[in-house]
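Enquirer: Quick one: this structure, given as structure tokens, is what I'll be asking you about.
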Amino acid sequence: MTEGVADLPVVQVTRGPVSPSMASRAEDVVRTVASRAPRPVIFARVKLIAEEGHDGDEQAVAEATLDVSGRLVRAQFAARTMKAAVDGLADRLDRRLRRVAERLETRRGRPPQIPEGGWRHGDLPRFPHPVQGRRVLHNRTYGPEAASIDEALFDLEVLDYHFLLFTDAADMVDSIVYQVVDGVALRRADGRRPGRRLPDGLGWNPAPAADLEIEGAVDGLDTTAEPFVFFSMPASRRAQVLYRRYDGHYGLIKPLEA
């Protein structure tokens, strides 16, 4: 258990009508969960978003990121009320920390646990926009460091992501692991199955990354119910992902050099 969390620096970001009492409660909840971290937590960030949905109901998202001695652990939860979102965040963040503790207990690592289920309650976008109002608002990059499939699966879980874009250390092929209805699946930019046994429970999707420009990827999201498009731009031949943000707009993840 981590000591001294009362002095843990917590950066809080709010958007929309978030009450001071709820903001304070979220901070207390994150500090309590952080006290159970297997190593010292040196920084925490809490983000609370409250908006009114198109049906007039309240919509809320609670998100937290902890720096656990250099390893980022992240969780988020969406619900109809901020209280429910904060409670869901606490449970999910606690699970992430337990997985980190398990990993640290076995330095050589154990076979990765495939997260159960697919698009869980609290994960789906809550604030859809009409097609004509959607924009690519969010650009992120993934660095040149390669990772094994096992490492990618572990990060997928502890970072609480729906998908993770990475470069496979075994052959430097851009790849993605992502949640599906019955677990987690793997796709690779070249569509070729890895020349080694996949972790137990990991599904395989042989479809290569589609050759598209950004506009084509946007069209793909606008005309389907898919949560993301895995594609490579003809100019760079590097894999990228265009995905649906919680607010209905689009985010883009691409290689650092793309």
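The values are calculated or read from the model by the stated rules, or taken from the named source; none is laboratory data. All values reported here derive from a predicted model rather than from experimental measurement. Quick reminder, even Gly has a Cβ in these numbers, built from the backbone with ideal geometry, and neighbours come from all protein chains shown.
Enquirer: Surrounded by fewer than 22 Cβ atoms within 10 Å (Cβ to Cβ), outside the structural domain of Glu157 (by TED's automatic domain parsing), farther than 13 Å from Ala37 by Cβ and in contact with an Asp or Glu (Cβ under 8 Å, 6 or more places away or on another chain): which single residue out of Arg80, Arg99 fits that description?
Expert: Arg80
Enquirer: So for region 160-172 (the condition being crowded, with 17+ Cβ neighbours inside 10 Å, under 18 Å from the mean Cα position of the chain (by Cα) and in a helix (DSSP H, G or I)), does at least one residue qualify?
Expert: So far as region 160-172 goes, no, none of its residues is crowded, with 17+ Cβ neighbours inside 10 Å, under 18 Å from the mean Cα position of the chain (by Cα) and in a helix (DSSP H, G or I).
Enquirer: Is it fair to say Ser232 is surrounded by 17 or more Cβ atoms within 10 Å (Cβ to Cβ) and of a type in the set (Gly, Ala, Ser)?
Expert: yes
Enquirer: May I pose another question? If we only count strands (runs of 3 or more DSSP E) wholly inside region 1-79, which ones have 1 or more residues that are modelled with pLDDT under 85?
Expert: 41-52, 58-68, 71-79
Enquirer: Please find, within region 237-258, the residue that is nearest to Gly16 (Cα to Cα) out of those that are among the hydroxyl-bearing types (Ser, Thr, Tyr) and assigned to a strand (DSSP E or B).
Expert: Across region 237-258, the extreme among qualifying residues is Tyr250.
Enquirer: On to the next question. Which one is nearest to the chain's Cα centre (by Cα), of the residues in region 210-244 that are within 22 Å of Val181 (Cα to Cα) and hydroxyl-bearing (Ser, Thr, Tyr)?
Expert: Tyr243
Enquirer: Identify all residues within region 209-236 that are part of a loop (DSSP other than H, G, I, E, B) and in contact (Cβ under 8 Å) with a residue 24 or more places away in the chain; write none if there are none.
Expert: Ala209, Pro227, Met233
Enquirer: List every residue pair whose Cβ atoms lie under 9 Å apart, where the two residues are 6 or more positions apart in sequence or sit on different chains, the first residue falls within region 188-200 and is surrounded by 11 or more Cβ atoms within 10 Å (Cβ to Cβ), and the second residue, located anywhere, is of a type in the set (Lys, Arg).
Expert: Ala189/Arg237; Ala189/Arg238; Pro194/Arg188
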